[in-house]
Amino acid sequence: MPNAPDGWQHIADAYVREFTFATFADAAAFVAVIGRIADDIDHHPEVALRYPGIVTVRTVSHDTGAVTERDVRLAELVNAAV
């Protein structure tokens with residue numbers, strides 16, 4: 001299994017990270033950025049947006065049921081987008 005990128009935790013066969021933003025609108029804008037990243041690399045995470053400005057991202061390669069290099073790449077790109 002690849003090492004988790006900075007800030008990500010390995011939970012139940014996935015990488016998970018929570019991001020906190022100053023406003024709900026900022027968090028929603030970040031979700032849109034994650035959507036573009038996911039489409040660009042054709043690897044799509046589960047994303048939850050909660051009040052007051054919390055975004056939780058969970059990524060796992062569904063075809064293998066485990067974390068793969070695709071998840072590492074996605075996590076690194078999401079980290080870079082913050």
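The values are calculated or read from the model by the stated rules, or taken from the named source; none is laboratory data. In this text, all values refer to a predicted model and were calculated from it rather than measured experimentally. Every residue, glycine among them, receives a Cβ derived from its backbone with ideal geometry; neighbour counts consider all protein chains shown.
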Search region 54-67 for residues that are surrounded by 14 or more Cβ atoms within 10 Å (Cβ to Cβ) and pair each with any residue that is modelled with pLDDT under 90 when their beta-carbon atoms are under 6 Å apart and the residues are at least 6 apart or on different chains.
-> Val67/Met1
Does Asp42 qualify as being acidic (Asp, Glu) and either modelled with pLDDT under 95 or surrounded by 14 or more Cβ atoms within 10 Å (Cβ to Cβ) (or both)?
-> no
Considering region 15-28 alone, what residues qualify as being more than 10 Å from the chain's Cα centre (by Cα) and surrounded by 13 or more Cβ atoms within 10 Å (Cβ to Cβ)?
-> Phe21, Phe24, Asp26, Ala27, Ala28
Could you please tell me which pairs satisfy a Cβ distance under 8 Å, a separation of 6+ or placement on different chains, a first residue in region 1-19 that is within 14 Å of Glu69 (Cβ to Cβ), and a second residue that is part of a loop (DSSP other than H, G, I, E, B) and small (Gly, Ala, Ser)?
-> Tyr15/Ala4
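Quick test for you: out of Leu49, Leu77, pick the one residue that is under 11 Å from the mean Cα position of the chain (by Cα) and not β-branched (Val, Ile, Thr). Quick ask: steps written out before the conclusion?
On the way: Leu49 fails: under 11 Å from the mean Cα position of the chain (by Cα).
None of the other options fit; the residue is Leu77.
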